[in-house]
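Remarks on the structure that follows.
The values are calculated or read from the model by the stated rules, or taken from the named source; none is laboratory data. On a predicted model such as this, the values are computed, not experimentally measured, just so you know. A quick note on method: Cβ atoms are made from the backbone with ideal geometry, for glycine too, and the neighbour counts reach across all protein chains shown. Just so you know, the surface numbers come from the protein's heavy atoms only, side chains and all, with ligands and any DNA or RNA stripped out. Shrake-Rupley method; radii C 1.70, N 1.55, O 1.52, S 1.80 Å.
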Amino acid sequence: MERYDIIVVGAGPGGYVAAVRAAELGMRCAVVERAELGGVCLNWGCIPTKALLKSAQVYNYTKHLGEYGLSEAEVKPDIAKIVARERGVSATMSKGIEFLFKKNKIELHKGTATVVENHTVQVAPLEGEAYCIAADHIILATGSRPNSLPFAPIDGKKILSYREALVPDAIPQSMAVIGSGAIGSELAYFYHSMGTQVYLIEYMDQIVPLEDEDVAAQLSRSLRKAGMKVMVSTNVKSVDTSAEGCTLTLETKKGVEELHVECVLSAVGVRPNTENLGLEALGVEMERGKIKVDEFFRTNVEGIYAIGDIVPTPALAHVASAEAVVAVEKIAGLEVEPVDYSNIPGATYTTPEIASVGMTEKRLKAAGVPYKVGKFQFMASGKAATAGERDGFVKLLFNPEDGKILGAHLIGASVSEMLSGIVLARKLGATAKDIATAIHPHPSMSEGIMEAAAEVAKEMLK
């Protein structure tokens, strides 16, 4: 039986980062993966959706050529070519991970993994007999899969998950998107841009429910201005697919309504892939379908670790990667700083984009925490004006005692690229004055951060 220092189960953004870091630290590492390298994020999530959204953005630019002093031209989307480009981007990135594995001498075992003992993994390959490999440490990074509503099971034809939505054969005339988190909002924006009449349906009283209320209101205004139907405080009671298309029964503030569309995109979250791993037999402790771990991602069973979507932390690719590094470096005996979950950035790549970190106003109020608000509207930004992207704002929340950042909430063009500086500022304990007095390039969208901080810094100096 082949023996390693570490076996990683899963090759997504948690698994492959864990494997590469282990190899860098001189460990002999094996990865067991039954599907594509890169996991959902690279093949069916983060990367392909951004490729589709770039096509939508370019197409939308062509609808406004006259605003930029260019002659009008008729441009039509070719969905087959758009999908081919998207799949090509994912394939290229997946080959990049394959290169990293070869460079770092990481051994890949293609097949389905089952942990049969706390140091042994059985691999069932696509062809041939199952075999076992062993290691001192096993890191589980098996990710998640689309969730579905009990009364609207995903069939891949009329009721779609994000997987089917990423590779359409044709653009539907109409679509209901159930759930307005990042996945729902991004794909709703793409299909709307391609010409689909989209109904974005959210059970909560605002779209993108985890975001700041002002940000959600701005996105709602922008999407409605573009022609999308946005429905909040709406409960989907049933979906009937027996006739042509889909008929949804909706419970709204106005009463019960029916909505008929060609298809439905179910974007109601994800489920962790923790079944059939052998965890129950080993006695690995679980909590609501997720694996319980300590701050270094150790389970209650010696030698078994878990990271990413299968543990009770934010189900984000960059979180899984951070957890991977902490877990591996702890195994290697290095001095490790635990992941700071209070400083996790998030982004939604609609137009306008959303980027946020830290506490929202609503959460601060609920916790009784005092705060100061600094806000800058992109309407006043020279760079935003030149780009024709004036929707949105920067909203920063500061502690009135020490001036440190409690939260940051941005909506506008390319704000996902602006957020990292704020995350670093929070980590280093920067104050409103520090940010306001740091010279920012002009003209730039990032000046909005300086201006929002200056609003609070001036007030605190009075």
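Quick notes on this one:
- Of all residues in segment 164-193, exactly one satisfies the criterion of being part of a loop (DSSP other than H, G, I, E, B), crowded, with 23+ Cβ neighbours inside 10 Å and polar (S, T, N, Q), namely S180.
Per-residue answers, yes or no, for (1) modelled with pLDDT under 95; (2) within 26 Å of V270 (Cα to Cα); (3) of a type in the set (F, W, Y); (4) in contact with a His (Cβ under 6 Å, 6 or more places away or on another chain):
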{"residue": "I97", "(1), (2), (3), (4)": "no, yes, no, no"}
{"residue": "E107", "(1), (2), (3), (4)": "no, no, no, no"}
{"residue": "V123", "(1), (2), (3), (4)": "no, yes, no, yes"}
{"residue": "G128", "(1), (2), (3), (4)": "yes, no, no, no"}
{"residue": "T142", "(1), (2), (3), (4)": "no, yes, no, no"}
{"residue": "R145", "(1), (2), (3), (4)": "yes, yes, no, no"}
{"residue": "A152", "(1), (2), (3), (4)": "yes, yes, no, no"}
{"residue": "K158", "(1), (2), (3), (4)": "no, yes, no, no"}
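- Inter-residue pairs, beta-carbon under 6 Å, first farther than 16 Å from C46 by Cβ and in segment 82-101, second part of a helix (DSSP H, G or I) and not aliphatic (A, V, I, L, M), 6+ apart: I82/S55
- Scope segment 342-393; condition among the aliphatic types (A, V, I, L, M), part of a helix (DSSP H, G or I) and within 26 Å of G227 (Cβ to Cβ); matching residues: M379, A384, A385, A387
- Residue that is open to solvent by less than 40 Å² (accessible area, probe 1.4 Å) and among the aromatic types (F, W, Y), where the choices are Y349, Y305, Y371: Y305
- So I411, is it crowded, with 16+ Cβ neighbours inside 10 Å, in contact with a strand residue (DSSP E or B) (Cβ under 6 Å, 6 or more places away or on another chain), outside any helix (DSSP H, G or I) and touching a residue at least 12 places away in the same chain (Cβ under 8 Å): yes
- When the residues of segment 268-282 are filtered to those that are open to solvent by less than 60 Å² (accessible area, probe 1.4 Å) and farther than 22 Å from I207 by Cβ, the one that is nearest to the chain's Cα centre (by Cα) is P272.
- Filtered by the rule that a residue be open to solvent by 50 Å² or more (accessible area, probe 1.4 Å) and under 27 Å from A322 (Cβ atoms), segment 113-136 gives H119, D136.
- Number of the condition not met by S220 [criteria: (1) open to solvent by 40 Å² or more (accessible area, probe 1.4 Å); (2) free of Cβ contacts under 8 Å to residues at least 24 places away in the same chain]: (1)
- Filtering segment 414-424 to residues that are under 19 Å from V373 (Cα atoms) and either open to solvent by 80 Å² or more (accessible area, probe 1.4 Å) or out of contact with any Asp or Glu (no Cβ under 7 Å at 6 or more places or on another chain) (or both) leaves M418, L419, G421, I422, V423.
- Residue satisfying all of: in segment 316-345; in contact with a strand residue (DSSP E or B) (Cβ under 6 Å, 6 or more places away or on another chain) and crowded, with 19+ Cβ neighbours inside 10 Å; farthest from V270 (Cα to Cα) among these: I331
- Filter result for the condition that a residue is in a loop (DSSP other than H, G, I, E, B), open to solvent by 20 Å² or more (accessible area, probe 1.4 Å) and touching a residue at least 12 places away in the same chain (Cβ under 8 Å), over M445, M450: M445
- Single residue of segment 399-408 satisfying the filter (assigned to a strand (DSSP E or B) and in contact (Cβ under 8 Å) with a residue 40 or more places away in the chain) that is most open to solvent (accessible area, probe 1.4 Å): L406
- Applying a threshold of 8 Å to beta carbon distances and a minimum spacing of six or more residues, or different chains, the list of pairs starting in segment 374-398 at a residue that is under 17 Å from K458 (Cα atoms) and ending at one that is buried (at least 23 other Cβ atoms within 10 Å of the Cβ) and basic (K, R) reads G374/K395; K375/K395.
- Residue in segment 378-392 that is more than 21 Å from Y68 (Cβ to Cβ), crowded, with 16+ Cβ neighbours inside 10 Å and of a type outside the set (A, V, I, L, M) present: no
- Filter result (closer than 20 Å to D309 by Cβ and buried (at least 17 other Cβ atoms within 10 Å of the Cβ)) within segment 146-163: P146, S148, I154, S161, Y162
- Candidates in segment 245-267 are the residues that are modelled with pLDDT of 95 or more and open to solvent by 70 Å² or more (accessible area, probe 1.4 Å); of these, the one that is nearest to the chain's Cα centre (by Cα) is E262.
Here's the yes/no breakdown for (1) in a strand (DSSP E or B); (2) buried (at least 21 other Cβ atoms within 10 Å of the Cβ):
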site	(1), (2)
G12	no, yes
A22	no, yes
V32	yes, yes
V40	no, yes
K50	no, no
E67	no, no
V75	no, no
K81	no, no
R87	no, no
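- Among the residues listed as V319, V270, V293, the single one being out of contact with any Lys or Arg (no Cβ under 6 Å at 6 or more places or on another chain) and in contact (Cβ under 8 Å) with a residue 40 or more places away in the chain: V270
- Test: residue in segment 223-237 that is open to solvent by less than 10 Å² (accessible area, probe 1.4 Å) and under 21 Å from the mean Cα position of the chain (by Cα): yes
- Any pair with Cβ under 6 angstrom, 6 or more apart, that starts in segment 149-176 at a residue that is touching a residue at least 24 places away in the same chain (Cβ under 8 Å) and ends at one that is of a type in the set (A, V, I, L, M) and open to solvent by 60 Å² or more (accessible area, probe 1.4 Å): Y162/I183
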